[in-house]
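Notes follow the structure.
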Amino acid sequence: MRTAFIQELILQARKNPTIFLVVGDLGFSVVEPFAQEFPDRFLNAGVAEQNMTGVAAGLASEGYHVFTYSIANFPTLRCLEQIRNDVCYHSLPVTVVSVGAGMAYGNLGYSHHAVQDLAIMRTLPNITVFSPADPGETRECVQWLSLNPRPSYLRIGKAGEPDLHSVRGIFDGPLRVCEGRPDLAIVATGSVLKLALDFASEQAPEKRPTVFSIPLIKPLSLEFLEKLQSFKKIIALEEHVREGGLFAALCEVLSPTPHIKSISISEEMKNVVGSQDYLRNQAELKEMLNRA
Amino acid sequence: MVARANASHIGGALSMADLLAVLYSGVLNIRPEDPVWDSRDRFILSKGHSCTSLYATLALKKFFQIEELESYGKDGSRLMSHISHHVPGVEFSTGSLGHGLPFGCGKALAAKRSGKNWRTFVMLSDGELDEGSNWEAILFAPQHKLDNLVAIVDYNKIQSLGSVADVMELDPLADKFRAFRWGVKEIDGHDHSAIHEALSTLPFEPGKPSCLIAHTLKGKGVDFMENNLQWHYSSPKPDQLAEALRQLETEAN
Ligand SMILES: Cc1ncc(C[n+]2csc(CCOP(=O)(O)OP(=O)(O)O)c2C)c(N)n1
Ligand SMILES: [Mg+2]
């Protein structure tokens, strides 16, 4: 996904002279093509995320659309107040890009697990929050952002995630990526969508849930979620803690009906490491799907 | 460990290995059989990505069984690829840069306020000195006369996306610490007797926190890793691993 991101950003930057990329001493073997093609619109701000974000806001106030790029919690939580006050409050065109959504950097340990970011970023004013599931969705987010510069957050995976579907239209409501029962829906955000699709394909046709991907986390409206309203039961699947993420966002808009259930990461998941697949197993996401 | 787990960050683990060797063979006052002994010196690894050489050091010191090193970075292991306080002998989990020195200031202040004699050592990287949090701590420590605090900078001149000189120049680093009212010594971070000598009389100046600037080579001891940014990321292939171990063993003999 990070490769799709940088490739799409390069395509957009060729058309859009305001695009500027600032990295926090990260992106080895990923960001170089951008840096080479647009040396005047590239900066390595060093390992200094607060300053990086403040500088990005300053650049944005003078007409650039700045993308700040780092991994896990470094471009978000580390410089949260710069994002809140400098970027969002002033409504400046800065897109915060975090690589390694959820437990994509599972082996690197708890410091590198981004499982509270949606909750926190979602509460900031004026912000648009994207959590794409695959390279195709990522490209569509970047295309839209280039046309709609604004305070925004783009949460992406790392390298090598497969394309999961080809439904486009991130602003047309949740993307219906697998047909199934009319009463049961799984709504997933981020690359964990793959788990929902795998689960659905294992079910007999009459038991198969309808699966939606939802790369847009904020703003959400009742109109935007209209496609979901006919389902009696909805399962929200996310690689994020239950509090404040997709589940909470859906509840805020859709409650009291339909019945929404959360499948998410437990707060307890922090003492051991493992691959993303291993940690998803430990989190029993699949078992919860089976029981739901 | 790094090869087995297909992990990164061997360069920074090697650059501080000599410093760890000296710290853990005489400088730090510790009891491996009682990792939480009240009067121990506290050692904090702020550059948490370089955890492999510290895990290995702790295993050699018998804080835990050396066989456990084989689980490093693997599914279900507590040996996370950034230093983890779930491992005996580790005081503090890091991985997000710029957290160790403020935390170390807190520990040193706690020792002062409660009249304890143990000391706090914090190992920093040069790249993380970009972080403002470190400079807040560098201001804080002399203000509170934390002469029981020692910051060691693994000054290997390389960070993640280039050399320190190209990304965010730190020189003159010793002058900066001095201007912030620290006692400062500069040494060759691979010269064991120089490290030992520098750390045998603390604090460097009465009433001040001490900063040891250790000039090091990223990837020290393996010629094809030395001073090469690639080895912040790559994991050695079997033939590279064999060659690296051969070179390190030759050097050790
Ligand atoms: C707050 C934060 N930002 C970014 C990173 C990603 N990162 C890991 S290591 C590193 C820099 C490596 O260089 P240096 O700090 O000098 O370490 P060393 O050379 O000792 O390996 C960076 C930017 C991080 N771990 N924490
Ligand atoms: Mg360095």
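The values are calculated or read from the model by the stated rules, or taken from the named source; none is laboratory data. What you see is a predicted model, and the numbers here were worked out from it, not measured in a lab. Quick reminder, even Gly has a Cβ in these numbers, built from the backbone with ideal geometry, and neighbours come from all protein chains shown.
Here are some notes:
- Subset of segment B:22-40 [surrounded by fewer than 18 Cβ atoms within 10 Å (Cβ to Cβ), touching a residue at least 12 places away in the same chain (Cβ under 8 Å) and under 25 Å from B:TYR155 (Cβ atoms)]: B:GLY26
- Residue count for segment B:103-126, restricted to those that are under 12 Å from B:VAL150 (Cα atoms) and within 14 Å of chain A (Cβ to nearest Cβ): 1
- Unique residue being of a type in the set (Ser, Thr, Tyr), crowded, with 24+ Cβ neighbours inside 10 Å and modelled with pLDDT of 95 or more when the list is A:SER201, A:SER166, A:SER221, A:SER152: A:SER152
- Among the residues of segment B:208-232, those identified as away from chain A (no Cβ under 14 Å) and free of Cβ contacts under 8 Å to residues at least 24 places away in the same chain are B:PHE224, B:GLU226.
- Total residues in segment B:148-176, condition more than 12 Å from ligand 2 (Cβ to nearest atom), within 28 Å of B:LEU28 (Cβ to Cβ), surrounded by fewer than 21 Cβ atoms within 10 Å (Cβ to Cβ) and not aliphatic (A, V, I, L, M): 1
- Residue satisfying condition, being closer than 27 Å to B:GLN230 by Cα, within 14 Å of chain B (Cβ to nearest Cβ) and of a type outside the set (Ser, Thr, Tyr), within set A:ARG78, A:ARG41: A:ARG78
- Filtered residue count, segment A:17-33, keeping only those that are over 18 Å from B:LEU229 (Cβ atoms) and without any contact (Cβ under 8 Å) to a residue 60 or more places away in the chain: 4
Matching residues to (1) among the hydrophobic types (A, V, I, L, M, F, W, C); (2) crowded, with 24+ Cβ neighbours inside 10 Å; (3) farther than 23 Å from A:THR3 by Cα; (4) within 14 Å of chain B (Cβ to nearest Cβ):
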position: A:THR53; (1), (2), (3), (4): no, yes, no, yes
position: A:THR95; (1), (2), (3), (4): no, yes, no, no
position: A:THR128; (1), (2), (3), (4): no, no, no, no
position: A:GLU137; (1), (2), (3), (4): no, yes, no, no
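- Filtering segment B:220-230 for residues that are out of contact with any Leu (no Cβ under 8 Å at 6 or more places or on another chain) and more than 16 Å from ligand 2 (Cβ to nearest atom) leaves a non-empty set.
- When segment A:257-282 is filtered for residues that are assigned to a loop (DSSP other than H, G, I, E, B), out of contact with any Gly (no Cβ under 8 Å at 6 or more places or on another chain) and modelled with pLDDT of 90 or more, nothing remains.
- Every condition in (1) touching a residue at least 24 places away in the same chain (Cβ under 8 Å); (2) more than 10 Å from chain A (Cβ to nearest Cβ); (3) out of contact with any Asp or Glu (no Cβ under 8 Å at 6 or more places or on another chain); (4) over 21 Å from A:GLY24 (Cβ atoms) holds for B:GLU136 except the one numbered (4).
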